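Everything below concerns the one structure shown next.
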Amino acid sequence: MNNPDWRIGILFSETGATAAIEQTMINGSMLAIEEINSAGGVLGRPLKAVAYDPQSQAKKYREFAARMLVEDQVKIIFGAYMSSCRKAVLPEIEAHRGLFFYPTFYEGFEFSPRCFYTGAAPNQGALQLASYMMENFGSNFVLIGSNYVYPYEYNRVVTDFVVQSKGKILDELYVPVEAKPEDFTRFIQRLQKLKPDVIVSSVVGIGVNYLYKAYAEAGFDPKTMPIAAAATSEADVVSMAPGTAAGHFTSTVFFETLQTPAARRFVAAYKARFGASAPVTACAEAAYFEILMYAKALEIAGTDNPDAIIETLKGMEFEAPQGRIRIDPTTHHTELWPRLGKINMDHQFEIVWESDARVKPDPYFVAPTFDDWSKLALQHRKM
Ligand code: ACM
């Protein structure tokens, strides 16, 4: 007899340093599951979520992934925000021949045949952000990130690009993932001394609020020294005092303010379900569309055997809220739509630049030289 439902694992944190963004990813996942089930499920069977709270800790991600794969009979897991958590989960996924969907922008330089990466690689955001900032503000950069693998690698890519473009990295600083306000004191002192043109932030989670608060309290002016962020999202600015982050920039592939019909439909459904003030983020969007894509693959394959799903997903295209996306069959990463947003006084991201074509993922920067790669990634500049 067939199982009555299709089980999937949902592994995002409701507590800990990155809970705010991960809550939006839980919401995106739940919205997709509810939409699928209210339309009759897949092949007549509903999706059923098995979920745990790994508390923003890599070790717990690995333990819960193992529990899902071994005890809960779940082979397909959607989850993780921080790269440290994805890297903790993947050995379990590979050992148990499961499949993992990762909906977060990340540092690249990774491939697991049992993972699909639906967030941006650095050639789908980091480069565009650094380039825009150099053109509009200047070429002396200070980098600040959280102290773990994603910011280290992100900063390495940004450094390569800035230095090749004849800019300078004046300093590179790190704060703990579980940051406290005082962790930003030295950063502020360095800004006062170095006076960079641009600050690039790959600070994640709880530290994001402290970063912008410390900057605002020091009296700096975003018109001459903006923060250009990779991870600052609607989930962060929603809890800041009015105007705290106004004038600063973020690069990502989806903003709550995106005005296309598909984006408006998604945002309206999300807010109807989770409340008008619930922030919608690019990570929530990816968490949402990757479950819808999985359901499509499940319907075509007729089985949730991970190997069959992997084959079905390769090359698949899908109308996501950000635009039509495509799973790259070679890298398992996703062709996406890079955008840049500037935060206004109402804590809304105003889109100041977007690619007019879908950008292929290049997680290993395999284009023959760095210069060729940077030209390729920038060829669709529009604004
Ligand atoms: C991240 O760690 N990929 C945000």
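The values are calculated or read from the model by the stated rules, or taken from the named source; none is laboratory data. It should be emphasised that the depicted structure is a prediction, and the values quoted were computed from it without experimental measurement. Methodologically, a virtual Cβ is constructed for each residue, glycine included, from the backbone with ideal geometry; neighbour enumeration extends over all protein chains shown.
Below, the figures for the structure above:
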read-out: Wholly within segment 70-122, strands (runs of 3 or more DSSP E) carrying at least 1 residues that are more than 13 Å from the ligand (Cβ to nearest atom) and in contact with a Cys (Cβ under 6 Å, 6 or more places away or on another chain); value: 99-102
read-out: Condition check for residue 93: surrounded by fewer than 23 Cβ atoms within 10 Å (Cβ to Cβ) and in contact with a strand residue (DSSP E or B) (Cβ under 6 Å, 6 or more places away or on another chain); value: no
read-out: Segment 296-337, residues that are touching a Gly at 6+ places or on another chain (Cβ under 9 Å) and in a strand (DSSP E or B); value: 326, 327, 334, 336
read-out: Top-ranked residue of segment 181-206 - restricted to ones that are among the acidic types (Asp, Glu) and without any contact (Cβ under 8 Å) to a residue 40 or more places away in the chain, ranked as farthest from residue 159 (Cα to Cα); value: 182
read-out: Identity of the residue in segment 225-277, among the polar types (S, T, N, Q) and touching a Phe, Trp or Tyr at 6+ places or on another chain (Cβ under 7 Å), that ends up nearest to the ligand (Cβ to nearest atom); value: 252
read-out: Residue in segment 151-174 that is out of contact with any strand residue (DSSP E or B) (no Cβ under 8 Å at 6 or more places or on another chain), hydrophobic (A, V, I, L, M, F, W, C), more than 13 Å from the ligand (Cβ to nearest atom) and assigned to a loop (DSSP other than H, G, I, E, B) present; value: no
read-out: Scope segment 207-216; condition farther than 17 Å from residue 149 by Cα and in contact (Cβ under 8 Å) with a residue 40 or more places away in the chain; matching residues; value: 211
read-out: Flag if residue 71 is crowded, with 24+ Cβ neighbours inside 10 Å and at pLDDT 95 or above; value: no
